[in-house]
Every structure is written in structure tokens, then in C-alpha cells.
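S.K.: If you scroll down you'll find the structure; I have some questions about it.
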């Protein structure tokens, strides 16, 4: 079981949350102007890297708010949680 610290509700079982994929993906300003290849790139291509990864999560069974989680995809260790729109905490950005 993974315990996730919701920024609004506190620590909860991971069963209460929905995974939203990689964080920081910006929607194109004019999607209609994109080629099929460019649109597919935006929709489907993600880093999916091994190790530390910044992800979006939604507290689906709680406050229903989205937030971002810094999680190691190998160990499942969470090293940071912050609200969408906030900068990546300095201690996480610098690897401390």
C-alpha cells in the first residue's frame, strides 16, 4: 500500500487517488493547426523514465483536486508533493 499526502486532506491510501500521468505537459495553443503526427506526439508520447518522475494525481475519493507528486518509479518512494501551479520545491529540484 502506498500512502499519498494530499495537500488539502492529508495522508490517504493510494486507492483514493487517480494517476494522471506525467506532469508539466502543456496543451498546444492551436491544436487545429497541428499535423496528425504533432497531435499524436502531444497526446501519447511521454518520457516514461526509470527513477524520479514528476506526476499528476487527483484525490478522486476525497477533495477531487489535482496535485503533483515527485515519485521514484523504481522504489515508489515519494520525495515531494505540491499543488499544481506551485514551483517544484527547491529541496527536490536540487536532489537533497
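S.K.: Tell me whether the range 16-24 contains one or more residues that are within 25 Å of residue 90 (Cα to Cα) and part of a loop (DSSP other than H, G, I, E, B). Can you show your working first?
M.R.: From the range 16-24, those within 25 Å of residue 90 (Cα to Cα) are 19-24; that's our starting set.
Narrowing the set further to residues that are part of a loop (DSSP other than H, G, I, E, B) leaves 23-24.
The answer is yes; a qualifying residue exists.
S.K.: Could you tell me which residue of the range 1-27 is surrounded by the most Cβ atoms within 10 Å (Cβ to Cβ), considering only residues that are within 16 Å of the chain's Cα centre (by Cα) and free of Cβ contacts under 8 Å to residues at least 12 places away in the same chain?
M.R.: Result: 3.
S.K.: Let me ask another. Quick check on residue 74: is it in a loop (DSSP other than H, G, I, E, B) and out of contact with any helix residue (DSSP H, G or I) (no Cβ under 6 Å at 6 or more places or on another chain)?
M.R.: Values: in a loop (DSSP other than H, G, I, E, B): yes; out of contact with any helix residue (DSSP H, G or I) (no Cβ under 6 Å at 6 or more places or on another chain): yes.
Judged against the criteria, residue 74 is a match.
S.K.: Please specify each residue of the range 40-51 satisfying the condition of being part of a loop (DSSP other than H, G, I, E, B) and either touching a helix residue (DSSP H, G or I) at 6+ places or on another chain (Cβ under 9 Å) or at positive phi (or both). I'd like the intermediate steps shown before the answer.
M.R.: Kept after step one, since they are part of a loop (DSSP other than H, G, I, E, B), are these residues of the range 40-51: 45-51.
48, 51, listed by residue number.
S.K.: Answer with yes or no whether residue 35 is at pLDDT 95 or above and either exposed (fewer than 13 other Cβ atoms within 10 Å of the Cβ) or within 13 Å of the chain's Cα centre (by Cα) (or both).
M.R.: Values: at pLDDT 95 or above: yes; either exposed (fewer than 13 other Cβ atoms within 10 Å of the Cβ) or within 13 Å of the chain's Cα centre (by Cα) (or both): yes.
The answer is yes for residue 35.
S.K.: A follow-up question, please. Going by the conditions given, is residue 79 farther than 22 Å from residue 1 by Cβ and at pLDDT below 95?
M.R.: Values: farther than 22 Å from residue 1 by Cβ: no; at pLDDT below 95: yes.
Judged against the criteria, residue 79 is not a match.
S.K.: Which of the numbered conditions does residue 54 fail, given that it passes all the others? Conditions: (1) at pLDDT below 95; (2) part of a loop (DSSP other than H, G, I, E, B).
M.R.: Unmet condition: (2).
S.K.: Checking residue 61 against (1) surrounded by 10 or more Cβ atoms within 10 Å (Cβ to Cβ); (2) touching a residue at least 40 places away in the same chain (Cβ under 8 Å); (3) within 15 Å of the chain's Cα centre (by Cα), which single condition isn't satisfied?
M.R.: Just one mismatch for residue 61, condition (3).
S.K.: Return yes when residue 66 is touching a helix residue (DSSP H, G or I) at 6+ places or on another chain (Cβ under 8 Å) and on the phi < 0 side of the Ramachandran plot and no when it is not.
M.R.: On the way: touching a helix residue (DSSP H, G or I) at 6+ places or on another chain (Cβ under 8 Å): no; on the phi < 0 side of the Ramachandran plot: yes.
Judged against the criteria, residue 66 is not a match.
S.K.: So, one more: Could you grab me the full set of residues in the range 52-63 that are touching a helix residue (DSSP H, G or I) at 6+ places or on another chain (Cβ under 9 Å) and over 16 Å from residue 78 (Cβ atoms)?
M.R.: Passing the criteria: 60, 61, 62.
The values are calculated or read from the model by the stated rules, or taken from the named source; none is laboratory data. It should be emphasised that the depicted structure is a prediction, and the values quoted were computed from it without experimental measurement. Quick reminder, even Gly has a Cβ in these numbers, built from the backbone with ideal geometry, and neighbours come from all protein chains shown.
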